[in-house]
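Since the structure comes first, as structure tokens, the remarks are kept for the end.
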Amino acid sequence: MGGRVMLPLLLCLSAAGPPLLVQGGDPYLFFTWNVTYGILINNQFPGPNINSTTNNNIVINVFNYLDVPFLLTWNGIQHRKNSWQDGVLGTNYPIPPKTNYTYRFQVKDQIDSYMYYPVIAMHKAAGGFVPCDDPADDYTILAGDWFSKGHIALKKILDSGRNLGRCDGVHINGKVSKGDGKDEPLFTMEPGKTYKYKICNVRIKTALNIRFQGNNMRLVEMEGSHTMQSIVLVTANQEPMDYYVVASTRFTRQMVTATGIIRYTNGKGVASSKLPPPPTSWAWSLNQFRTFHWNLTTSAARPNPQGSYHYGSINITRTIKLINTAAEISKITLDPIVLNFTYRDFIEIIFENHENAIQSWHLSGYSFFAVAPEKRNNYKLLDAFSRHTIQVFPQSWATILLTFDNCGMWNIRYEIWDRHYLGQQLYVSVLSSAHSLKDEYNMPDDSPLCGIMESMPKPQPCNV
């Protein structure tokens, strides 16, 4: 892997599971994490899981033993009324070296799998869990790109205003395989049983395709939304032998591939050297996206910002269009752009991609309905997925709908990490005229401050 720093960090929210401490009201889970070079948390790689139940209160005391500042973000956690814990520059200052900071947040009305990862100095990498009713067993696939240069060298490239270029390879669970059948198996399956695979792209910048040799996959959940029929379930109903799971890059001039072994418990034979073919064009992925539908009959926590699930019948208050082209990379500024919204505005955001490469955008603090890459009269107004990240295909657009019902300062960021590092992001400020604790929590007294903010007063506290 060269000097590549990869830190898969996992946050799993399920419908059950005992908390560490039970008190009156919602339970609390307490953690102490020591961050050291590697990058490790409590000397672990990957980092520790947080297995919690929806509405648990999470308290994590993070000690930064690095020689540089460190900041974690909780990707997909909505932090209701509490953007002070979101962990992105603009609302949170990094934890200074040799000091600690305690994150306090509630995982409110969310049943899903989320990832947390560092957001500054190219420390970033990621991972994720997707919980559902346990089949025979569940496995995690963390696939991503890797670069032969270390994170310090990558940071210098970005600091010079250049982008990272294409990746040097692809890994599965931190390992790069040549597909010669000599690797130790990643997973073992017993014939006739069904297994849950939790798949996450822990990439810095590259889109990936995951496929199983000789075995069919059934997608059942994506970012907390249960699919109609299209986590991944795999039934071991093929000839008992070894099979490859394959990860390959998408939308790149040169495809790079990695493989891992899946072994049947009574298998007699090595995996075939003939790998399943990859998708052939970006149109294949676009058409696949069109087939995803939210299963409205499945029991789970659901986003309910407007008092019902009938988001398609609500009048749009405001439309925002974000257009991005390759030429604009040189115009990125570190001065933050802030869009102001009124509490409970129902918003349409259109992301336009004029490039020949796929784009990816994330919105902190919310889940939204991904209603298009279609014209407005073809929006999915009944069963679009509720999610927090949206892909925008080449020379196309994508549209999301949501109610801004979560007060605070929230980050819209480009998820291709070299551009994000160079500043391709903006913020939305959602304010309530009531200025009440019912709508937004006050800034914590122990929030770290630096620069000119150290001498400035904190925001006016909200009223009870």
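The values are calculated or read from the model by the stated rules, or taken from the named source; none is laboratory data. Given the structure is predicted, the values throughout are model-derived calculations rather than measurements. Neighbour counts run over all protein chains shown; Cβ positions are idealised from the backbone, glycine included. Surface areas here come from the heavy atoms of the whole protein model, side chains and all, with no ligands, DNA or RNA. Shrake-Rupley method; radii C 1.70, N 1.55, O 1.52, S 1.80 Å.
Structure data summary
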| read-out | value |
| --- | --- |
| Residue, farthest from Lys155 (Cα to Cα), within the range 434-464, restricted to residues that are acidic (Asp, Glu) and either loosely packed, with under 15 Cβ neighbours inside 10 Å or at pLDDT below 85 (or both) | Asp445 |
| Single match in Arg104, Arg80 (criterion: in a strand (DSSP E or B), under 30 Å from Thr403 (Cβ atoms) and among the basic types (Lys, Arg)) | Arg104 |
| Number of the condition not met by Gln306 [criteria: (1) modelled with pLDDT of 90 or more; (2) over 18 Å from Asn411 (Cα atoms)] | (1) |
| Contacts under 9 angstrom Cβ, first residue in the range 428-455 being of a type in the set (A, V, I, L, M), partner assigned to a strand (DSSP E or B) and exposed (fewer than 12 other Cβ atoms within 10 Å of the Cβ), 6 or more apart | Val428/Val338; Val428/Asn340; Val430/Asn340; Leu431/Asn340; Ala434/Asn463; Leu437/Asn463 |
| Yes/no for Met443 being outside the structural domain of Gln359 (by the TED database) and more than 21 Å from Lys81 (Cβ to Cβ) | no |
| Residue selected from the range 243-278 under the condition over 30 Å from Gly165 (Cβ atoms) and touching a Gly at 6+ places or on another chain (Cβ under 6 Å), by the criterion most open to solvent (accessible area, probe 1.4 Å) | Val270 |
| Looking only at the range 60-81, and only at residues there that are of a type outside the set (Phe, Trp, Tyr) and open to solvent by 20 Å² or more (accessible area, probe 1.4 Å), the one that is modelled with the highest pLDDT | Asn61 |
| Residue match in the range 438-458 (condition: under 26 Å from the mean Cα position of the chain (by Cα) and not in a loop (DSSP other than H, G, I, E, B)) | no |
| Qualifying positions in the range 370-416 - farther than 17 Å from Ile347 by Cβ, open to solvent by 30 Å² or more (accessible area, probe 1.4 Å) and of a type in the set (A, V, I, L, M, F, W, C) | Leu382 |
| Enumeration of residues in the range 97-111 that are open to solvent by less than 20 Å² (accessible area, probe 1.4 Å) and not hydroxyl-bearing (Ser, Thr, Tyr) | Phe105, Val107, Gln110 |
| The range 351-367 - residue that is farther than 15 Å from Asn324 by Cα and in contact with a His (Cβ under 7 Å, 6 or more places away or on another chain) and, of those, surrounded by the most Cβ atoms within 10 Å (Cβ to Cβ) | Gly365 |
| Residue match in the range 283-302 (condition: at pLDDT below 85 and either among the charged types (D, E, K, R) or assigned by the TED database to the domain that holds Asn173 (or both)) | yes |
| Subset tally (residues that are under 23 Å from Ile358 (Cβ atoms) and of a type outside the set (S, T, N, Q)) for the range 240-277 | 12 |
| All positions within the range 82-96 that are open to solvent by 50 Å² or more (accessible area, probe 1.4 Å) and modelled with pLDDT of 90 or more | Pro96 |
| Yes/no for Leu431 being surrounded by fewer than 16 Cβ atoms within 10 Å (Cβ to Cβ) and either within 27 Å of Ser313 (Cβ to Cβ) or touching a Cys at 6+ places or on another chain (Cβ under 6 Å) (or both) | no |
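Yes or no, residue by residue, for (1) at pLDDT 80 or above; (2) in a loop (DSSP other than H, G, I, E, B):
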{"site": "Arg218", "(1), (2)": "yes, no"}
{"site": "His226", "(1), (2)": "no, no"}
{"site": "Ser230", "(1), (2)": "no, yes"}
{"site": "Val234", "(1), (2)": "yes, no"}
{"site": "Gln238", "(1), (2)": "yes, yes"}
{"site": "Tyr243", "(1), (2)": "yes, no"}
{"site": "Ser248", "(1), (2)": "yes, no"}
{"site": "Gln254", "(1), (2)": "yes, yes"}
